[in-house]
Every structure is written in C-alpha cells, then in structure tokens.
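The values are calculated or read from the model by the stated rules, or taken from the named source; none is laboratory data. None of the values given here were measured: they were computed from a predicted structure. FYI the Cβ positions are ideal-geometry reconstructions off the backbone, even for glycines, and counts take in every protein chain you see.
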Amino acid sequence: MPQLPLQTLSRQAFAPFGEVIMLEGARHYPINQGTTERFHALAMADTQTQDGKTILSVFRAQPRALPLAIEVMECHPLGSQAFVPLTSDKDDEYLVVVAPPGEFAADQMQAFICKGLQGVNYARGVWHHPLIALHKQSDFIVMDRIGEGFNCDEIALDGSWTVG
Ligand SMILES: NC(=O)N[C@@H](O)C(=O)O
Ligand code: NI
C-alpha cells in the first residue's frame, strides 16, 4: 500500500496547485484610520469561465480517520476552489491531497498537512481529494464557482494509495 508522505504546506511547495491563504508573508497595510490591518489579495477567484460567478459557502466537515485510503480524486475544470478554516486555533489541522491538472496520474499525487490558520485555493483543474478534516468537526469558508456547465470531474481509485 503506497503511502503519500505528508509535506508541510508552504506557498512554494503548493505553487503548482494553487495558492496558500495565510497571513505570514502577505502584503498588509493599515486601513480604517489605523484600527484595522488589511492582509491584501491572499487569493484570486477564477470563476469567470462560461460566465460563472464567485460564491462563498460554509462546509461543516466531519473528521476523517487516518490512515485514509484515497478512493476518489476530483477536479473543477471551470473554476478555482478555496478552503479557509473557520478557526482561531493555530494547532487545528487538516489534510489536502492534490495532483497536477490535466490527465490524472496517481504517482503525481502530493499530500500536505495544513495548519489551522492556513487556507488553500485550488487552481482551476487541479486534482484534489474532497475536504479532509481531522480530529473534530470543522467549518471552512469555501470560495468557488456557480454557473453553467459541469464543474466536477471525478476519478475513482482503488484505495491502494493511503495518506496520514
Ligand atoms: N463537492 C464539493 O462541493 N466539495 C468538493 O469540491 C471538495 O473539494 O470538497
Ligand atoms: Ni473540490
């Protein structure tokens, strides 16, 4: 059973798959007469294909047991999809499993452990496992596309690859 190594999430390591949404290293400046700090443009929604629109939703995810057998991967060919944990606990964590866009190749999957204050924005077409919350029920803000066209390609795997 090949196990995916867990990488620490960083902008550089995740760059082939999209953006990391985190305050560290972000451009920021004071607004509202100095009462608020704006951490600017942490991610860009890519939802305009076929006249799509950007929406925000909340996903309330139940924790997954590890090790997790990877039995499905999906991609959204018409838009990006961002997940931002609704937590203030920097020790909260969740997993993402991704693979490059285009023809899916299991041996190109990568897994990242994401700390509570880090979000991810999957670029359009990037293969990913459906949300993998850990340890407890977890809420995420999700920014993705609504509109015409089929926007969720799935591929079934035999569960031989595991993570965590
Ligand atoms: N199906 C759905 O809206 N969620 C998935 O796209 C996911 O990445 O969790
Ligand atoms: Ni998705």
> Within segment 101-134, which residues are away from ligand 2 (no atom under 15 Å from the Cβ) and surrounded by fewer than 16 Cβ atoms within 10 Å (Cβ to Cβ)?
Replying inline: Gly102, Glu103, Ala105, Asp107, Gln108
> Pick from Leu4, Leu66, Leu9, Leu95: which is surrounded by fewer than 19 Cβ atoms within 10 Å (Cβ to Cβ), within 27 Å of His135 (Cβ to Cβ) and either of a type in the set (A, V, I, L, M) or free of Cβ contacts under 8 Å to residues at least 12 places away in the same chain (or both)?
Replying inline: Leu66
> Which of the residues spanning segment 12-30 are surrounded by 13 or more Cβ atoms within 10 Å (Cβ to Cβ) and either more than 14 Å from the chain's Cα centre (by Cα) or at pLDDT below 95 (or both)?
Replying inline: Ala26
>> Could you list, ordered by first residue, the pairs with Cβ atoms under 6 Å in which the first is in segment 98-114 and modelled with pLDDT of 95 or more and the second is in a helix (DSSP H, G or I), at least 6 apart or interchain?
In response: Ala99/Gln108; Pro100/Gln108
> Picking from Thr47, Thr54, which residue would you name as being modelled with pLDDT of 95 or more, of a type in the set (S, T, N, Q) and not in a strand (DSSP E or B)?
Replying inline: Thr47
> So Gly52 fits all but one of (1) surrounded by 17 or more Cβ atoms within 10 Å (Cβ to Cβ); (2) within 14 Å of ligand 2 (Cβ to nearest atom); what number is the exception?
Replying inline: (2)
> What number of residues within segment 57-80 satisfy the criterion of being within 13 Å of ligand 1 (Cβ to nearest atom), part of a loop (DSSP other than H, G, I, E, B) and not small (Gly, Ala, Ser)?
Replying inline: 5
> Looking at (1) more than 16 Å from the chain's Cα centre (by Cα); (2) farther than 22 Å from Ser10 by Cβ, which is the only condition Leu66 fails?
Replying inline: (2)
>> Looking only at segment 135-164, count every residue that is surrounded by fewer than 20 Cβ atoms within 10 Å (Cβ to Cβ), within 21 Å of Pro2 (Cα to Cα) and more than 13 Å from ligand 2 (Cβ to nearest atom) and tell me the total.
In response: 7
> When residues of segment 141-151 are filtered for being in a strand (DSSP E or B) and either more than 10 Å from ligand 1 (Cβ to nearest atom) or touching a Gly at 6+ places or on another chain (Cβ under 8 Å) (or both), how many remain?
Replying inline: 5
> What number of residues within segment 72-92 satisfy the criterion of being exposed (fewer than 13 other Cβ atoms within 10 Å of the Cβ) and more than 13 Å from ligand 2 (Cβ to nearest atom)?
Replying inline: 4
>> Quick check on segment 29-48. Is at least one of its residues free of Cβ contacts under 8 Å to residues at least 60 places away in the same chain, of a type in the set (Gly, Ala, Ser) and out of contact with any Pro (no Cβ under 9 Å at 6 or more places or on another chain)?
In response: yes
> Does Gln33 qualify as being within 17 Å of the chain's Cα centre (by Cα) and farther than 16 Å from Val163 by Cα?
Replying inline: no
